[in-house]
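The values are calculated or read from the model by the stated rules, or taken from the named source; none is laboratory data. As the structure is a computational prediction, the values presented were derived from the model and not from experiment. So basically every Cβ, Gly included, is an ideal-geometry build from the backbone, and we count neighbours across all protein chains shown. The area values use the complete protein model at the heavy-atom level, side chains included, leaving out ligands, DNA and RNA. Shrake-Rupley method; radii C 1.70, N 1.55, O 1.52, S 1.80 Å.
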Amino acid sequence: MTGTHQRVVVSMIDGLGTDYLAASSMPVLERWSAEGLHADVDAVLPTVTNANNVSIICGAWPSEHGITGNSYYDQRAHRAEYMEDQADILMPTLIEAAAAHGVRSALLTSKKKTIRLMGRGAEIALAAEAPDPEYVRLFGPAPDIYSCEINYWLWRVATHILETREDIGFVYVHTTDYPMHMWPPAAEESRAHLAELDRLMGEAAAAAPDAAFLVTADHGMNEKTRCWDLARACAARGRPLRFGLSAERDRYVKHHRTFGGTAWVWLNDPSELDATRSLIAGLEGVEEVLTREQAAARFNLLPARIGDLVVLGDRDTVFGELPDGELEQLGPGFRTHGSLHETRVPLVIHNFAGTLPAASSFTANLHLTRHTIAPWWYEDVPATGTLAAAR
């Protein structure tokens, strides 16, 4: 949207790794890919929802907007807190930037946390998990948050808004990845879920033929077999930590029990860094242990919001707090994300009226907005935080 007033719909399909797209029949998305722009790109690390959602809604890296996971460590209170407050975002979102140009927005999400994190400035801010009575009257009660059907309900609302509110110029739709946590790409249930999402996106596009549709995801999904409690593991080996935190930790414990493939570690004493790093690197399934500075530079993270050490799991390994013991062998079918092994996601742009750079310019999911609507909407918006670096 470079200087025009075309309506834009961003579809952030939570958990849609490229393997899910390859295993499913999604004719609408396939047609959009053929007629428009398609690229397989990398999600932001950690591959968790909040860090990626904010990267897409800002068109910026975590080093610029400041959201580095689903939770953070409050060092003064010595406890983990959910990273769900828009005050934690260090630059305007595209919703706020659009408003500065008189463009009204709708943020539609399956999860309540997304409203708390990204909803400021939206004309309509709707979480299907706790919907406004107006939409319950129109579409009936929303299904449970732990279901496929809540995503269908959400897209029916999106289509209704596109049909009835032509004054809404920006619509951001964020589904839940519960189905991907439950089923692998080839499962019949997964294929049925994505086929229905595809059909509903087609209905939305038919209701708004003038609109551009920008589609991507926040991460993929893999089955995991082991979980380390790093605090317990280090303490048992004579190296107690100040704090260990899974970047995946959020309120939706049925999805993943808070376990994820990236963890932050804070030390009691900086002099313990090398010894603790070596200890953790020796645990089975730990793929890499980086210092704060190394991780921030490599993954475009804000150094102040990650640990002294950053721990990455292999394809089979996650980290989190365990109720009893330092290591748990996870049962068959436990699926989650957070590591480098869930980074590949699709990016599709359909019916965009502006000039697009080459597909090779799209290498990260945040480029979906950074290379399209962000340059115009951020123009002349007063900078806050690190906005100047994002332009």
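A simple spin-label model places pseudo-atoms 7 Å from Cα toward Cβ; at GLN329 and ALA359 they are separated by 4.5 nm. Average accessible surface for the chain: 36 Å² per residue, computed with a 1.4 Å probe over protein heavy atoms with every protein chain in place.
Whenever you get a sec, compute what percent of the accessible area on the chain sits on carbon and sulfur atoms (1.4 Å probe).
Values: 6860 of 14150 Å².
Carbon and sulfur together cover 48 percent of it.
Taking a ≥ b ≥ c as the square roots of the Cα gyration tensor eigenvalues, with a/c under 1.5 meaning rounded and otherwise prolate when a/b beats b/c, else oblate, which class fits the stretch 74-203? Can you show the working numbers first?
Numbers: a/c = 1.90, a/b = 1.14, b/c = 1.67.
Judged from the Cα gyration tensor, the stretch 74-203 comes out oblate (a/c at least 1.5, b/c at or above a/b).
Would you please classify the overall shape of the stretch 262-368 from the alpha carbon gyration tensor, given that a ≥ b ≥ c denote the square roots of the eigenvalues, rounded means a/c under 1.5, and beyond that prolate means a/b larger than b/c while oblate covers the rest? Here the stretch 262-368 falls in the oblate category. When GLU326, GLU287, GLU248, GLU166 are compared by accessible area of protein heavy atoms, the largest-first order is GLU166, GLU287, GLU326, GLU248, using a 1.4 Å probe.
So how much slack lies between ALA192 and GLU81, counting 0.36 nm per residue of separation and subtracting their Cα-Cα distance, in nm? If you can, show how the numbers build up before the last one.
On the way: separation 111, 0.36 × 111 = 39.96 nm, distance 3.58 nm.
Gain on stretching ALA192 to GLU81: 36.4 nm.
Take every DSSP beta bridge whose two residues both sit in the chain; close to 55 percent of them are antiparallel.
Projecting the Cα positions of ASN53, HIS65, ALA80 onto the charge dipole of the stretch 1-80 (unit charges on Cβ atoms of Lys, Arg, Asp and Glu, taken about the Cα centre) puts ALA80 furthest along the positive direction. Rounded to the nearest 500, the 222 nm mean residue ellipticity of the chain from helices alone is -9000 deg cm²/dmol, with -39,500 (n - 2.57) taken per DSSP H run of at least 4 residues. About its Cα centre, the stretch 221-308 has a charge dipole of approximately 360 debye under the convention of +1 per Lys or Arg Cβ and -1 per Asp or Glu Cβ, with nothing else charged. Could you tell me which of rounded, prolate or oblate describes the stretch 1-118, using a ≥ b ≥ c as the square roots of the eigenvalues of the alpha-carbon gyration tensor, with rounded for a/c under 1.5 and, failing that, prolate when a/b is larger than b/c and oblate otherwise? It is oblate, given that a/c is not under 1.5 and a/b is not larger than b/c.
Note on HIS160/HIS5: beta-carbon distance plugged into 1/(1 + (r/R0)^6) with R0 of 35 Å gives a FRET efficiency of 0.95.
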